[in-house]
1. With the alpha-carbon atoms as the only input, what is the per residue convex hull volume for the stretch 118-266 in Å³?
2. Take every DSSP beta bridge with both residues inside the chain and express the antiparallel ones as a percent of the total, to the nearest 5.
3. For the stretch 45-85, what value does the Rg/Rh ratio take when both radii are computed over Cα atoms and Rh is the Kirkwood radius, given to two decimals?
4. Give the list, by residue number, of cysteines in the chain with no other Cys Cβ closer than 4.7 Å, or say none.
5. Hey, any idea what % of the chain's accessible area is carbon plus sulfur with a 1.4 Å probe?
6. Compare 168, 135, 37 in a GNM of the chain, Cα atoms joined below 10 Å, and give the one with the largest fluctuation.
7. Compute the distance in nm between two label points, each set 7 Å from the Cα along the Cα-to-Cβ direction, one at residue 255 and one at residue 123.
8. I'd like the Kirkwood hydrodynamic radius of the stretch 134-220, using the inverse of the mean 1/r over distinct C-alpha pairs, in Å.
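The values are calculated or read from the model by the stated rules, or taken from the named source; none is laboratory data. Owing to the predicted nature of the structure, the values given are computational and were not obtained by experimental measurement. All Cβ positions, even for glycine, are placed from backbone atoms using ideal geometry, and neighbour counts span all protein chains on display. Each accessible area value is taken on the protein alone, full model and side chains, heavy atoms only, with ligands, DNA and RNA left out. Shrake-Rupley method; radii C 1.70, N 1.55, O 1.52, S 1.80 Å.
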Amino acid sequence: MYDRYNRKINYLRVSITDRCNLRCIYCMPAEGVKLLDHKDILSFEEIVLVIREAVTLGITKVRITGGEPLVRKGVISLIEKIAMIEGISDFGLTTNGVLLSSFAVDLANAGLHRINVSLDTLDPEKFRAITRGGDIQKVLEGIESAQKAGLNPVKINCVVRNSSNEPDAVAVREYCRENGLEARFIHEMSLADGCFTIVENGHGGDCANCNRLRLTASGMIRPCLFNDIQFSTRELGIREALERAAGLKPEQGSVNSTGGFHNIGG
Ligand code: SF4
């Protein structure tokens, strides 16, 4: 499908939970956030139906996000179901990596193609501070497990304050070079202020060529991360929600005052 700016929309980012096992300072407030009631979170069957319908409309690339997708119980069976949908040529997942070492082989066997892991520093104390308590060793082991499991590519999402020449980013880039990983640098964003830039070595934030829609954990289709437009798959029906979102996709991002990274999936 194409939007009214003649952009080809072929990418669906799917948030399967607003829960997370970390509290990154640029994503969640220390006290956490009000989480969705379980009845408001799409079931696996509903998620698969949305993706199946989206594929009939031209979606070929699917990425699973959260919150942290690996905390959702039964995630491997969901990956299996999605991998069986014909027409998906690019199937990825974004994770904070904390649980990855115990999931990597199952994810690969379930049909996942590739994975992005968040890593903003190689300094264990800084990592613990940024994530409010995370253990970097688990993430590094997770990255290694993903490579051994054959997920390919394994990309590293590194959030930077202002520049990828910051010392932590330089260290992450070197770590990636030494270990055959691809580094992407994401400048800190503010949904409420509408502050964002194009991802270095990625496509996010490139509005002129934006190809994506987002499915939130509560079943809303959002045409843009930096906008409040959203359509309910439960209220409108899946196809109607997808088509309306694509049809009203804004030319470029502005501000998002209703969602958060934890429930839209970045
Ligand atoms: S801000 Fe909106 S239009 Fe721009 S790249 Fe992000 S999702 Fe696409």
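1. Working: hull volume 20.0 nm³, N = 149.
Output value, Cα hull per residue: 134 Å³.
2. Details: 7 of 34 bridges.
Just about 20 percent of them are antiparallel.
3. Over the Cα atoms of the stretch 45-85, Rg/Rh equals 0.97.
4. That list is 20, 158, 176, 195, 207, 210, 224.
5. Values: 5950 of 11840 Å².
Roughly 50 percent of what the probe reaches on the chain is carbon or sulfur.
6. Highest fluctuation of the listed residues: 37.
7. According to this spin-label approximation, the distance is 3.3 nm.
8. Working: mean 1/r = 0.0672 Å⁻¹.
In the stretch 134-220 this quantity evaluates to 14.9 Å.
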